[in-house]
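Trainee: Quick one: structure below, then a few questions.
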Amino acid sequence: MFALVDCNNFYASCERVFRPELRGKPIVVLSNNDGCVIARSNEAKKFGIPMGAAAYQYEKTFTDNNINVFSSNYALYGDMSARVMDLLATMAPEIEVYSIDEAFLKFEGCDFINLQDYGEMIVKVVTKSTGIPISVGIANTKALSKVANKVAKKFPDKTHSSYFIDTDEKRIKALKWLPVEDVWGIGGRHAKRLKALGIKTAYDFTQLPDHWVRKNMSVVGLRLKHELEGKPRLDMEIAKAKQNIATTRSFDKNYTEYDQLRERITTFSVTCAEKLRRQKSCCNALLIFLHTNGFRSDLPQYSRNIVMKLPFPTNSSIEIAKFAREGLSLIFKKGYQYKKAGVIVMDITPEDTNQISMFENTNPKHRLLMDVMDRLNSAIGQKKVKLASQALDRTWKMKQERLSPRYTTRLSEIITIHV
DNA sequence: TCTGGGGTCCTAGGGCGA
DNA sequence: TCTGTCGCCCTAGGACCC
C-alpha cells in the first residue's frame, strides 16, 4: 500500500506558522522577482486568483480584499519541509520525498495496521508537531493514492483529512468524481484532447482501450491507466544524483550590454559548480541560454541556446565559468534587450570516476581552491568569496518587496515574543 | 513599467557504422 | 564500389511534475 502525504497550501501554511494571526486570512505567495502568484491559501483561491497569475494584474484584488502577499522565502520553506519529511520518515518503513511538499510512504507487510486510523494519526502528529496542515491518501497504487489524497483534501470534515481507497467501489466512486484534467500525469494538452472526445472524468479515461492510450499518450499514459485500474506499475524511487542542474533567472530590468550578461552567466556558472560539488559530481557539458522578454511584442525578439561539450569533466567554478563565457560570446547578439538567461550543467558523472584525458584535463589545483572557497563561504554564511568576473558589489537584485523573516535558519531573524 | 525556477521522461528523426 | 537495411546514438521538442 502507498500513502501520499501532501502539505496543504504549503508555502502559505509556512508563512502562517510564525504568524498565527493569519489563520483563516487570505494569503498569496509570489515567485522570484515578485512576478507570478505561485501559492494561494484556500481563502485567497475564493477571490478567483489563478495559479501563475501575473501579480501586477491582481494588485487591486490584493488590496481590496486585504490579501496578505509574500515574496517567496525558500530558506523558510526548505527548512519547514525538512521538518515534515523527517517526521514522516519515522512513521513508515519506506519514504520517497517527491517534492518540497509531498512524500510517498510505502506500507508493506503492515496488514495488521488499520490504515484509515493510521492515516488520521499521521495527520494529527504532523500538524501538531510542525504547524503544517497535511492530507493523506492511501491506495494500492501510487496514482490511486494521489486520487485518494484529492478526496481527503476536498472533504476534510468527512475524511478527517485522510482517505483510504480499499475497495473497488470506493475506487470507482473516486474516479467518477475526479475531473480528467486533475489526474496526476494528465496535463493541459492531453486533457484538452480527451475532453474533445467526451472523456470528462478519470473513470472515463480508464474505459478507453489500451491501444488507443498507448498510441496517443505513449507508455506513460498507459502506465497511468493501469495504475488507476488498481494495477501497480510504479514503485518507490530511490533518490539519485541529479542528471541536470540549472541556475536560471529573469532580470529585474532588461540588459543590453555584453558585460552585464557576462557577469550574470559567470555567477550562474559558479552556483551550478557549487551544486555539483555538493553532490560530488562533475559535468561534461553545459547549456547556456539567453532570451528577450517574450511578453513584450513591441520589442525585437531573440532567443538562443548553445551546448558546450567540455574536453574533460569538471566541477571547478573557474573552468565552468570560462566555458560558459565562451558559449555566451558565441550566442550574444548586440541590439536586443535581454530579460532572462541561465546555465544548465549536463552529462553529470561522479567526481571520483573521472577518466584522465591524454591532452587536456581539469586543473588539479582547482580542487583544493574550490574546497577552500566552499568552506570560507559556508563559514561566513554569505557568498563573499567570488571570482573576479562576478560583480563584486552586487549591482543586480531580485525584486523581493514582501519577504518574511527566515525564522528558522537565521538567528538574527528568529521569532520574538513580546510579553 | 511589472508575467518563476527547476526538474524528469519519452518519442521522432537524422547521422552513421556494420 | 554502390546500395539497402538495421540498430545504435544523439538531439530537439513535447509532455508532464512541483
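Trainee: Which of (1) within 13 Å of DNA strand B (Cβ to nearest atom); (2) within 24 Å of A:S145 (Cβ to Cβ); (3) part of a helix (DSSP H, G or I) does A:Y98 not meet, given it meets every other one?
Mentor: (3)
Trainee: Is it the case that segment A:35-57 has a residue that's closer than 17 Å to A:I100 by Cβ, within 16 Å of DNA strand C (Cβ to nearest atom), among the charged types (D, E, K, R) and buried (at least 19 other Cβ atoms within 10 Å of the Cβ)?
Mentor: Yes.
Trainee: Give the residue that is modelled with the highest pLDDT, with candidates limited to residues of segment A:387-398 that are within 27 Å of the chain's Cα centre (by Cα) and more than 13 Å from A:F268 (Cβ to Cβ).
Mentor: A:M398
Trainee: Assess whether A:G131 counts as being over 24 Å from A:N8 (Cα atoms), more than 16 Å from DNA strand B (Cβ to nearest atom) and in contact (Cβ under 8 Å) with a residue 60 or more places away in the chain.
Mentor: Criteria not met by A:G131.
Trainee: Within 30 Å of A:N33 (Cβ to Cβ) and either within 16 Å of DNA strand C (Cβ to nearest atom) or in contact with a helix residue (DSSP H, G or I) (Cβ under 7 Å, 6 or more places away or on another chain) (or both): does that describe A:K200?
Mentor: Details: within 30 Å of A:N33 (Cβ to Cβ): no; either within 16 Å of DNA strand C (Cβ to nearest atom) or in contact with a helix residue (DSSP H, G or I) (Cβ under 7 Å, 6 or more places away or on another chain) (or both): yes.
When the stated conditions are applied, A:K200 does not pass them.
Trainee: Scanning segment A:184-238 for residues that are touching a residue at least 12 places away in the same chain (Cβ under 8 Å) and among the aromatic types (F, W, Y), which turns out farthest from DNA strand B (Cβ to nearest atom)?
Mentor: A:Y203
Trainee: Now for a different question. State which residue pairs qualify: first residue at pLDDT below 85 and inside segment A:333-355, second residue crowded, with 19+ Cβ neighbours inside 10 Å and assigned to a strand (DSSP E or B) in any location, beta carbons under 7 Å apart, and separation of 6 or more residues or different chains.
Mentor: Listed pairs, sorted by first residue: A:E351/A:S281; A:E351/A:C282; A:N354/A:C282; A:N354/A:P313.
Trainee: Looking only at segment A:241-265, how many residues end up being surrounded by fewer than 16 Cβ atoms within 10 Å (Cβ to Cβ), of a type in the set (K, R) and more than 8 Å from DNA strand B (Cβ to nearest atom)?
Mentor: 0
Trainee: With segment A:127-191 as the region, which helices (runs of 4 or more DSSP H) entirely inside it contain at least 3 residues that are more than 19 Å from A:L224 (Cα to Cα)?
Mentor: Qualifying helices (runs of 4 or more DSSP H): A:142-154, A:156-159.
Trainee: Still on this structure, I have one more. Could you identify the single residue in A:K333, A:K340, A:K322, A:K275 that is under 26 Å from A:K384 (Cα atoms), of a type in the set (K, R), outside any helix (DSSP H, G or I) and more than 16 Å from DNA strand C (Cβ to nearest atom)?
Mentor: Unique residue meeting the criteria: A:K340.
Trainee: For residues in segment A:2-14 being more than 16 Å from DNA strand B (Cβ to nearest atom) and either buried (at least 22 other Cβ atoms within 10 Å of the Cβ) or of a type in the set (G, A, S) (or both), which is farthest from A:E413 (Cα to Cα)?
Mentor: Initial filter on segment A:2-14 (more than 16 Å from DNA strand B (Cβ to nearest atom)): A:2-5, A:8, A:13.
Filter once more, keeping what is either buried (at least 22 other Cβ atoms within 10 Å of the Cβ) or of a type in the set (G, A, S) (or both): A:2-5, A:13.
On the way: A:F2: 39, A:A3: 36, A:L4: 33, A:V5: 30, A:S13: 19 Å.
Checked segment A:2-14; the qualifying residue farthest from A:E413 (Cα to Cα) is A:F2.
Trainee: Identify the single condition in (1) at positive phi; (2) modelled with pLDDT of 95 or more that A:G198 does not satisfy, given that it satisfies every other one.
Mentor: The failed condition is (2).
Trainee: Applying the selection to segment A:101-126, what residues are surrounded by fewer than 21 Cβ atoms within 10 Å (Cβ to Cβ) and in a strand (DSSP E or B)?
Mentor: If the condition is that a residue be surrounded by fewer than 21 Cβ atoms within 10 Å (Cβ to Cβ) and in a strand (DSSP E or B), then A:E102, A:K106 are the ones that fit.
Trainee: Ok, one more. Can you spot a residue in segment A:154-165 that is modelled with pLDDT of 95 or more, of a type in the set (V, I, T) and farther than 30 Å from A:G24 by Cβ?
Mentor: yes
Results for (1) farther than 17 Å from A:I265 by Cβ; (2) in contact with a strand residue (DSSP E or B) (Cβ under 6 Å, 6 or more places away or on another chain), shown as yes or no for each residue.
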site: A:C282; (1), (2): yes, yes
site: A:L286; (1), (2): no, yes
site: A:S297; (1), (2): yes, no
site: A:P300; (1), (2): yes, no
site: A:N305; (1), (2): no, yes
site: A:T314; (1), (2): no, yes
site: A:F332; (1), (2): no, no
site: A:Y336; (1), (2): no, yes
site: A:G342; (1), (2): no, yes
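The values are calculated or read from the model by the stated rules, or taken from the named source; none is laboratory data. None of the values given here were measured: they were computed from a predicted structure. Neighbour counts run over all protein chains shown; Cβ positions are idealised from the backbone, glycine included.
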